[in-house]
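J.: Below are the C-alpha cells for one structure; questions will follow.
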Amino acid sequence: MRSIFTRCQQNPLLTAKDMPFSAEAVLNPGATEQDGQVVLLLRVENAAGYSRIHVARSHDGVSDWRIEEEPLLDYGQPDLRYEQWGCEDARVIRLEEDDCWYITYTAYSPAGCAVGLARTEDLKRIERIGLIFSPSNKDSVLFPRKIDGRWAALHRPDAGGGIENIWIAFSKDLMYWGEPHCVLEEGGGPAWDAVTVGAGPPPIETEFGWLLLYHGVKLYGGQRVYRVGAALLDRHSPHKVLARHGECIFKPTEEYEMAGHMPNVVFPTGTLLRGDELWMYYGAADTSVCLARAKLQDILDLLAVDDGARA
C-alpha cells in the first residue's frame with residue numbers, strides 16, 4: 001500500500017535538547033490552535049523519570065517553537081495523590097460553546113494509571129475537574145462536541161489477561177460516566193494491532209462519520225511495534241463502527257522512530273485540519289515529537305473502499 005502520509009522534512013520537530021530546561025524526552029503531544037498559532041501540549045520526561053505537560057507555541061506549526069518553562073500540568077502536588085508519579089499524554093479539544101479547552105491526560109501514581117480531566121480558558125491557567133476513569137485506564141479522548149446533549153469519551157481500560165480494547169462512555173456533567181460500549185477490539189491473531197489498541201487524537205467529524213486514528217501494537221520476538229490505524233464511527237451513535245481499515249496507515253520507518261527510549265513507535269496524539277490537509281503530531285520512539293501530513297480525503301477513501309474492513 002502506498003503511504004498516504006508525508007513526513008515533515010524538519011522531523012523531529014522537538015527533542016529534549018530543545019527544552020529550555022533539563023529534560024530526558026519529549027513526546028506524545030496534544031494539538032490545538034490559539035490566536036493564529038499552533039499549540040502543542042508536550043509530555044516532557046525529566047531525569048528522575050517523571051512527566052509533566054508543557055505548552056509549546058509556533059506560528060507555522062513546524063519551527064521556532066516557544067516552550068513555557070512552567071508546566072501546565074505538574075505532578076507530585078500534595079493534594080493530588082493520583083498524579084504523584086506524573087501527568088502524561090495529554091489530548092485536547094476546543095469547545096466554543098464553553099469558550100475553553102478540555103484536556104484529558106494520564107494521571108500516574110502508585111495506584112496505577114487513571115484518566116484525569118482538566119479545563120483551561122487560556123492554556124496558561126488550569127482547573128482540574130478530577131479523575132473520570134479509575135485505574136487501570138488511559139488513552140482517553142473527548143469528542144469535540146456533545147452528542148445528543150451528552151459528552152462522549154473514548155478510553156482504554158485494562159480488562160485483565162492482556163485485553164486492552166477501546167471503549168466509549170457518556171456523561172451529562174463530565175463527572176459521572178456510564179453507558180459503556182466496546183468500540184474497537186484488538187485485531188487478534190497475527191494482525192498488526194493484535195496486542196493492544198488505543199485512541200490517538202480526538203475524533204474528527206466528517207460528513208461520513210467520526211474519523212478515529214488509533215495506535216495498534218504487535219509483538220515481534222517479544223518487542224512491541226506501534227503503528228497507526230483508522231476507523232470510522234457513526235456520527236449519532238459513535239459506539240458503532242462503520243468501517244475499519246484492515247492495514248496500518250502509518251508505521252515507523254525512520255531512524256528517529258526506530259531508535260529511542262522505546263524503539264519502533266509512532267504514537268499519534270494530536271491533529272489539526274489545515275484546509276483539506278490533516279496534520280498529525282506524534283511521539284517517535286518515546287523520545288521526540290514529529291509531524292506527518294495527509295489529505296483527509298485520502299484517509300476517508302481508504303475506509304470507503306476497504307474490502308477487508310472489520311466492523
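The values are calculated or read from the model by the stated rules, or taken from the named source; none is laboratory data. Please read these numbers as outputs of a predicted model, since none were measured by experiment. Cβ atoms come from the backbone with ideal geometry, glycine included; neighbour counts cover every protein chain shown.
J.: Name the residues in the range 179-196 that are under 19 Å from the mean Cα position of the chain (by Cα) and charged (D, E, K, R), would you?
T.: Answer for the range 179-196, where residues must be under 19 Å from the mean Cα position of the chain (by Cα) and charged (D, E, K, R): E185, E186, D193.
J.: Follow-up question, since we're still on this one. Which residues, taken from the range 142-175, are of a type in the set (S, T, Y) and in contact with a Gly (Cβ under 6 Å, 6 or more places away or on another chain)?
T.: none
J.: Taking only pairs six or more apart or across chains, which ones have beta-carbon atoms under 9 Å, a first residue in the range 219-234 that is under 18 Å from E257 (Cβ atoms), and a second residue that is hydroxyl-bearing (S, T, Y) and part of a strand (DSSP E or B)?
T.: Within 9 Å, the pairs are R224/T196; Y226/T196; V228/Y214; V228/Y282; G229/Y214.
J.: Related question: Before we move on, is R224 farther than 20 Å from I4 by Cα and part of a strand (DSSP E or B)?
T.: yes
J.: Name the single residue, out of those in the range 211-264 being among the aromatic types (F, W, Y) and surrounded by 21 or more Cβ atoms within 10 Å (Cβ to Cβ), that is nearest to S171 (Cα to Cα).
T.: Y214
J.: Considering only the range 1-46, how many residues are farther than 15 Å from W65 by Cα, among the polar types (S, T, N, Q) and outside any strand (DSSP E or B)?
T.: Residues in the range 1-46 being farther than 15 Å from W65 by Cα, among the polar types (S, T, N, Q) and outside any strand (DSSP E or B): 4 in total.
J.: Here are some residues: G229, G221, G275. Which one is at pLDDT below 95 and closer than 23 Å to A31 by Cα?
T.: Step by step, each of G229, G221, G275 is checked, and only G275 is at pLDDT below 95 and closer than 23 Å to A31 by Cα.
J.: Are there any pairs with C-beta distances below 6 angstrom linking a residue in the range 172-194 that is over 25 Å from L117 (Cβ atoms) to a residue that is exposed (fewer than 12 other Cβ atoms within 10 Å of the Cβ) and at pLDDT below 95, with the two at least 6 apart or on different chains, and if so which?
T.: Once the first residue is over 25 Å from L117 (Cβ atoms) and sits in the range 172-194, its partners that are exposed (fewer than 12 other Cβ atoms within 10 Å of the Cβ) and at pLDDT below 95 give A194/G188.
J.: Tally up the residues in the range 123-151 that are farther than 12 Å from Y102 by Cβ and either touching a residue at least 40 places away in the same chain (Cβ under 8 Å) or in contact with a strand residue (DSSP E or B) (Cβ under 6 Å, 6 or more places away or on another chain) (or both), please.
T.: 13
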